[in-house]
């Protein structure tokens with residue numbers, strides 16, 4: 001329909017043409033990236049520290065310069081002009097190039113790190129990884145690993161694109177506040193603190209790399225034996241970290257989610273969310289809003305959660321079994337505990353909230369509970385050494401399928417094709433837990449403003465989680481969806497001031513009035529009564 | 001089974017159909033010559049601006065209609081024959097109805113300007129208008145300048161659209177300040193400045209004389225009435241309001257004024273024929289409302305009401321407190337109750353404007369009783385529900401200003417202005 005062709009040229013027609021500042025920004029950024037690529041070809045750069053500094057500063061500076069060019073002279077307001085005309089943000093050619101490039105990068109990173117120059121069997125690093133050695137030594141005292149390279153680039157991306165995002169939403173203090181928050185948590189908690197803590201490690205004392213905000217089950221290796229052992233061996237400090245990890249799951253998170261919804265984590269703290277909201281912001285409109293996508297989402301994300309619970313239980317019970325003397329918790333006690341906890345949790349939900357669950361959610365919940373309990377039961381009664389499956393195999397399968405393929409290769413590599421929150425929506429077990437709580441026990445909701453909706457569809461289009469926000473807004477219904485990460489963009493892009501993220505009483509939070517405000521009061525009362 | 005035929009698949013017709021389906025099993029057919037499916041007319045601008053694709057302006061997925069047994073018929077109705085209870089299509093097709101709902105909306109006003117029917121002269125109302133604008137103004141090479149005639153809500157939308165493609169826009173407004181037939185001066189003048197900040201060549205108090213054709217019958221320039229200046233352009237936007245799209249009913253026997261005349265039950269003079277939305281004209285205006293209300297919300301409410309009547313539960317169209325909304329480039333506007341540009345005799349205004357010149361409010365109240373009558377708010381979102389309640393409870397203006405924070409609907413962490421507003425209000429009260 002549009003006579004405006006998707007145009008590969010970066011300097012194409014209005015509104016997607018670049019001004020000179022943006023062109024310079026692109027040049028500077030690409031130069032930085034080029035240095036890293038050169039290093040990848042094993043071209044030996046003298047004075048690696050200097051070149052790495054130049055590369056990282058160029059990339060950051062290039063992105064920020066680009067953002068300056070894009071937004072500094074614009075008046076405050078929504079900046080979505082030409083989103084569906086630009087090749088990169090409308091699944092055009094540039095989007096496919098970017099998608100393939102990112103996917104390839106993740107495959108190499110996860111499975112062929114030696115291609116990036118990782119020294120094999122403690123050998124010296126070469127290539128890209130060697131380029132990062134100086135920074136790694138500066139921070140944690142050791143040569144870089146592929147994860148250090150990834151962590152550094154990840155942090156740079158969140159910081160630089162974070163600045164871009166803040167510029168873009170210069171009129172919206174909610175968007176700005178939460179972006180500053182994810183930038184802080186990524187830089188301090190995910191990157192600096194763990195790197196610096198690694199310095200404390202010695203022959204007699206060592207702590208695992210510990211990102212305090214990275215909670216189980218998002219952090220699926222949180223309770224692996226080697227980590228637990230290291231924590232226990234590190235005595236007071238280690239036990240404190242372990243305790244904090246457990247408390248965050250069972251106390252801190254439920255309280256915060258009750259008060260603010262899952263957004264406190266997903267769009268204010270989480271690193272995956274942080275990348276999605278900053279570097280991924282240009283792709284939020286690509287999420288699938290169809291009813292069928294919602295159905296798939298519910299089954300997939302909850303299946304991952306169940307997989308994660310089974311896997312973790314199996315792993316823990318295995319080492320509790322064969323190393324029984326090392327831990328105060330016995331395997332039997334642990335398994336019974338898990339079964340009781342799940343049973344109790346389920347009973348409470350059933351008692352108070354069963355009417356609010358959709359039919360398939362009820363079937364799913366019952367089905368999954370039966371599966372998990374029977375797995376524990378079979379194992380417990382048969383006394384078999386293994387948990388029906390070999391726990392270590394289950395663990396590596398999970399790590400491969402969910403940890404690497406889903407969250408990395410598909411989750412991030414496919415940003416330009418499926419949108420920026422595919423992992424959060426379809427795969428993250430943490431999001432599934434928080435989402436269940438958000439739907440059932442939370443004060444959070446998105447309120448619609450009386451009868452003001454004009455069904456334009458900006459809210460749905462820019463919902464990165466694929467929620468059809470308009471479907472609720474045009475009925476005057478609150479939006480209480482388990483998948484909502486509270487990014488606030490639906491409210492920001494609404495041209496009529498219809499949507500507001502709020503924490504308020506749980507009473508009447510989920511309502512579905514059939515008539516919007518504004519009509520004959522008798523008619524509204526009549527219809528709402530029936 | 002009773003067959004209800006609805007002409008027009010806009011918000012009025014579709015709302016009627018949806019509510020009939022909730023209440024009954026009647027056979028429902030919606031006819032449209034515009035598009036196969038219902039889309040949000042208010043979102044047309046966002047397609048041109050690249051915020052959304054046409055697909056995303058459809059509020060319901062395509063399977064919705066079949067699932068809810070609402071038949072969709074694409075076709076142009078040539079006339080209606082009430083004697084035979086049938087609609088007759090342009091291609092000769094006929095369709096029988098038991099009850100007919102006319103929800104055909106509006107067409108852009110043309111006031112007899114010479115050249116008004118040339119190519120590249122368009123309103124902005126239908127999907128076809130949008131397609132034409134896309135054709136004549138795809139970029140600033142093909143469209144070196146556009147002239148917009150008529151300073152209302154659609155005119156400013158069109159100006160915003162074209163400016164996103166860096167097309168220079170000259171905006172001719174007959175009044176001496178933008179939309180000042182509706183907005184009080186302070187607001188209207190703030191918008192004048194905002195429009196100019198967006199690099200629109202806004203010309204106030206200026207009328208169109210004629211549109212000049214090139215040799216192919218396409219507009220190439222406009223001439224201005226006041227100065228006889230000739231402005232070369234490649235697109236002329238006619239946005240001087242809309243009027244009911246009812247010409248096809250002329251010989252049908254259905255009573256027409258400017259629109260289809262209806263009573264409070266939305267019935268026309270002919271049994272079993274109803275009219276709703278933009279094209280319906282009340283015999284007597286309701287309260288302060290105009291007899292023809294070409295607004296999204298009123299179309300929706302008429303649909304909700306008529307569905308009850310058609311399903312055996314007759315309701316008069318009796319809308320609640322007036323409200324409306326719009327967006328002027330970056331400035332959101334909401335209104336609740338009545339604030340008149342030309343104050344009624346009993347009406348007084350309190351106006352506050354923020355120093356950044358993008359936020360202001362005007363509160364109207366009764367000089368004598370101090371009763372709160374309405375509010376216009378720019379750049380600050382307010383709660384519909386709260387103002388609806390205050391209007392019903394006939395709160396006094398003091399109460400409203402003092403409790404304004406209860407009505408705030410801005411996102412979290414936004415700066416609040418209630419204290420500033422209250423201070424300004426108190427100072428004003430003292431000085432009076």
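Read-outs: derived from the displayed coordinates by stated rules, not from any lab. Predicted, not measured: the structure shown is a model, and the values here were computed from it. Cβ sites come from the backbone with ideal geometry, for glycine too, and all protein chains shown count toward neighbours.
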Taking just the alpha-carbon atoms of the range B:1-120, what radius of gyration and Dmax come out, in angstrom? 16.4, 51
Under the 0.36 nm per residue contour assumption, what length would be gained going from the current alpha-carbon distance of residue A:380 and residue A:54 to full extension? 111.5 nm
Where only C-alpha atoms are counted, convex hull volume of the range A:311-409 per residue in Å³: 126 Å³
Report D for the range B:188-310 in µm² per second (integer): Stokes-Einstein, Kirkwood Rh on Cα pairs, 20 °C, 1.002 mPa s. 119 µm²/s
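By counting other Cβ atoms within 10 Å of each Cβ, how are A:423, A:226, B:179 ranked from fewest to most?
Listing A:423, A:226, B:179 from fewest to most nearby Cβ atoms yields A:226, B:179, A:423.
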Here the gain from full extension of residue B:174 to residue B:347, 0.36 nm per residue of separation minus their alpha-carbon distance, amounts to 59.7 nm
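How would you rank A:220, A:322, going from fewest to most other Cβ atoms within 10 Å of each one's own Cβ? List each step's numbers first, then the result.
Values: A:220 22, A:322 11.
The order, fewest Cβ neighbours first, is A:322, A:220.
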Principal semi-axes in Å for the range A:57-142 [√(5λ), Cα gyration tensor, largest first]: 36, 20, 8
Viscosity 0.692 mPa s, temperature 37 °C: what is the translational diffusion coefficient of the range A:123-175 from Stokes-Einstein with a Kirkwood Rh over Cα pairs, rounded to a whole number of µm²/s? 258 µm²/s
Rounded if a/c is under 1.5, else prolate if a/b is larger than b/c, else oblate: which is chain A, with a ≥ b ≥ c the root eigenvalues of its Cα gyration tensor? oblate
List the equivalent ellipsoid semi-axes of the protein assembly as shown in whole Å, largest first, each obtained as the square root of 5λ for an eigenvalue λ of the Cα gyration tensor. 55, 34, 27
Could you tell me, in Å, what Rg and Dmax come out for the Cα atoms of the range B:44-111? 16.4, 47
In Å and on Cα atoms, what radius of gyration and Dmax does the range A:443-493 show? 9.8, 28
Using R₀ = 35 Å, calculate the FRET efficiency as 1/(1 + (r/R₀)^6) where r is the Cβ-Cβ separation of residue A:23 and residue A:147; round to 0.05. 0.55
Quick check: convex hull over the Cα atoms of the range B:246-355, volume per residue in Å³, rounded to an integer? 141 Å³
Mind putting together the pair-distance distribution for the range A:406-530? All Cα pairs, 10 Å bins, whole percent per bin, short to long. 13, 37, 33, 13, 4, 0
Which translational diffusion coefficient, to the nearest whole µm²/s, is obtained for the range A:219-291 from the Stokes-Einstein equation, given a Kirkwood hydrodynamic radius over C-alpha pairs, 37 °C and 0.692 mPa s? 221 µm²/s
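Evaluate 2.2 N^0.38 Å with N set to the residue count of the range A:21-84, then give the Cα radius of gyration divided by it.
In units of the globular-protein estimate, the range A:21-84 measures up at 1.42.
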Bin width 5 Å, origin at 0, all Cα-Cα pairs of the range B:116-235: what percent of pairs per bin? 2, 11, 22, 24, 21, 13, 5, 1, 0, 0
If you average the alpha carbon positions of the range B:241-276 and of the range A:69-146, how far apart do those two centres end up, in angstrom? 63 Å
Length released on extending from residue A:393 to residue A:352, taking residue separation times 0.36 nm less the Cα-Cα span: 11.0 nm
Shielding score for B:297-309, defined as the mean number of other chain Cβ atoms within 10 Å: 4
Where the convex hull is taken over the Cα atoms of the range B:228-283, what is its projected area averaged over directions, in nm²? 6.1 nm²
How many angstrom lie between the C-alpha centres of the range B:287-307 and the range A:203-237? 64 Å
What FRET efficiency do you get for residue B:230 and residue B:197 if R0 is 25 Å and r is their Cβ-Cβ distance, rounded to the nearest 0.05? 0.40
So, with points 7 Å from each Cα along the Cβ direction, the residue A:360-residue A:326 label distance in nm works out to 4.3 nm
Semi-axis lengths, Å, the range B:323-432, gyration tensor of Cα atoms, sqrt of 5 times eigenvalues: 20, 16, 14
Suppose R0 equals 51 Å; then what is the FRET efficiency for residue B:283 and residue A:72 from their Cβ-Cβ distance, rounded to the nearest 0.05? 0.35
With bins 20 Å wide starting at 0, give me the P(r) of chain B over every alpha carbon pair, in whole percents. 24, 53, 23, 1
